[in-house]
Amino acid sequence: MESLLKEWKGETTIVRYDQPTGAWVFIAIFSTRLGPAAGGTRMRPYSDVQSALQDAFRLAEAMTYKLALCGMSFGGGKAVIAIPPDFDPKFRSGVLSRYGELVHQLGGLFYTGSDVGTSSNDMDIIAEKGSPYVFGRTLTAGGAGSSGPATALGVFSGIQIACQHVFGERSLTGRRVLVQGAGSVGGALIEYLRSSGAEVKFSDAEEASICQFRDDIGLQCVPVEEVYSEECDIFSPCALGGVLNSRTIPQLKCRVVAGGANNQLAEPEDAARLKDRGILYAPDYVINAGGAMFLAGVEAQGWTKEHMEKEVTEGIQNVLQKIFELAAKKGITTEAAARQVAEKRLSAAI
Ligand code: PPY
């Protein structure tokens, strides 16, 4: 724990042990160079406290690059509420409410929203005490609602640019796309892909999602354990982090990896593993920025839905295009190219 805290390159770590529930709360502020830190609140059990802190650290750093690249005036942060494995849901609103109080005490250092394991309903609870630093409350409570559809729109737009780069045309007609995870982002992405004429397959561990997309819509469902070796043109990870690693990358039979999940690479070397296999990787924090643009744009900048959709589509396409070109020109990974562009924007800020 001590070495993690010492070695992290971020600005500030806030630690709270929530006595009544035994949950650990970490708020990681990586950078406030472009504005107050912003990032979702992730709530789930972890195998140990270190992994929870490490997750917050990695996600906060990615948020910094994401917000710098999508042009929003926010720095990067992330919160993790690491609940015990036997957490009783009846204590959920209590820990969220106390967490909201903490966010409020920070006085605008950190703005939050939903993430893995938290919903707009949870944001309503956090915002009771945490307002005005909470994005993505329900529409009923006056918030912008779920960011899933906007994230999906950005991923869809990014997939078009990746196709342009690899196949010479943006059109997705007849392209085989495999979506891993048909939740709030993957599910909305599937709809965009289907209406563009793509041949969509999906994979999901949840019975409810399988029913919805396989049984109701008739999509082909790939078993979870076969998802990495399934032949397709575009593989789109929209569920967990760490899915691109030394074990899975050699199995891939696709030309493009472009999806909505955060922290898709298990370790930095995986970017080169993808490049060496001739697979074009759309860096996760670039292609999945639609959700952050939606929350910050609609709630902090008063964007209309139409304006948000234009910003998400064009913003993500322009940045990805630039990154793919830079990576090709310099012979570097797309991840390294994205990092270079982000660092440039961060160091140009006064
Ligand atoms: C993400 O894009 O991973 C987020 O966490 C979205 C977000 C952005 C800004 C505030 C809260 C959540």
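The values are calculated or read from the model by the stated rules, or taken from the named source; none is laboratory data. Given the structure is predicted, the values throughout are model-derived calculations rather than measurements. In this analysis, Cβ positions are derived from the backbone assuming ideal geometry, glycine residues included, and neighbour counts consider all displayed protein chains. For accessibility, only protein heavy atoms count, side chains too; no ligands or nucleic acids. Shrake-Rupley method; radii C 1.70, N 1.55, O 1.52, S 1.80 Å.
Things to note:
- Measuring only protein heavy atoms, the 1.4 Å probe finds Val166 accessible over about 40 Å².
- Percentage relative contact order, the chain, counting C-alpha pairs under 8 Å, at least six apart: 15
- Near Ala38, the amide H atoms lying under 5 Å from its own belong to Gly75, Gly76, Gly77, Tyr111; only residues 5 or more places off or on other chains count, and H is placed 1.01 Å from N.
- Modelled FRET efficiency - R0 45 Å, Asp48 with Glu206, Cβ distances, 0.05 increments: 0.95
- Gain on full extension, evaluated as 0.36 nm per residue between Val224 and Ser195 minus their Cα-Cα distance, stands at 8.0 nm.
- For the pair the range 166-198 and the range 285-350, the centres of their Cα atoms are 20 angstrom apart.
- Per residue, the accessible area of the chain comes to 42 Å² when a 1.4 Å probe rolls over the protein heavy atoms.
- Out-of-range pairs (alpha-carbon distance over 25 Å; input Lys6/Lys90; Lys9/Lys129; Lys201/Lys310; Lys6/Lys275; Lys322/Lys344; Lys201/Lys305): Lys6/Lys90; Lys9/Lys129; Lys201/Lys310; Lys6/Lys275; Lys201/Lys305
- The chain: angle of helix 49-69 to the longest principal axis, Cα-based, in degrees nearest 10: 60
- Within the accessible area of the range 165-212 (1.4 Å probe), percent carbon and sulfur: 46
- Mean separation of Cα contacts under 8 Å, 6 or more apart, over the residue count of the range 28-118: relative contact order %: 44
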